[in-house]
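The values are calculated or read from the model by the stated rules, or taken from the named source; none is laboratory data. Predicted, not measured: the structure shown is a model, and the values here were computed from it. When we count neighbours, we look across all protein chains shown, and the Cβ atoms used for this are built from the backbone with ideal geometry, even at glycine.
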Amino acid sequence: MKQRVEMKIKFGMLILVLFITKSSILAVPQRESVLSLLEGRHWELHDGPFRALGEGTDEVLREISDNSSLINYLRFRALTALALYENEETAEHLERHARSQDSAFARRGFSSLSRGFSESDPDRVRRTAEHLMRSSEAHLRIAAAREMRRIDTPTFKSFLNREPEEWVREAVKQ
């Protein structure tokens, strides 16, 4: 009798674990659903379709942006879409990309970080911009300085005084 009760308990626990696992898997949108929102020749970011996918979409977008087996335009669009999700994991992810050695990912990571977090976490955006304003990549310095002009004028002016390239100084003023 005792063995039978133990078997019922074990069986019940197994069913519960399977149910919880299946529920948590279903809570995160399918990767294919998110990828389909990143496709298209004339793609533009619209928050409605991403929000409609529900909770976990940002997690899938982070995974896509890190997946080096995918074509870069999908990864870049995933980084762009992450600007819609103001949470710590996304902020850390975008900051990591903004500090990437790959300038294409760094530019897009910073762009999304500043779009998504300049209001909610301006200190993080400022720190990342300060880092990028010292980059050897001129286009990263330009993007960072333009954001810094908006959030910290004295630091922006300091950048203008120390930037050696005239065309960069002119570009950040536009």
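Data table
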{"item": "Residue check, Arg124 of a type in the set (D, E, K, R) and more than 30 Å from Glu55 (Cα to Cα)", "result": "no"}
{"item": "Tally, over segment 10-64, of residues that are at pLDDT 60 or above, part of a helix (DSSP H, G or I) and farther than 16 Å from Thr80 by Cβ", "result": "5"}
{"item": "Residue satisfying condition, being more than 14 Å from the chain's Cα centre (by Cα), among the small types (Gly, Ala, Ser) and buried (at least 17 other Cβ atoms within 10 Å of the Cβ), within set Ala144, Ala81", "result": "Ala144"}
{"item": "Residue in segment 61-81 that is in contact with a Gly (Cβ under 8 Å, 6 or more places away or on another chain) and over 27 Å from Met133 (Cα atoms) present", "result": "no"}
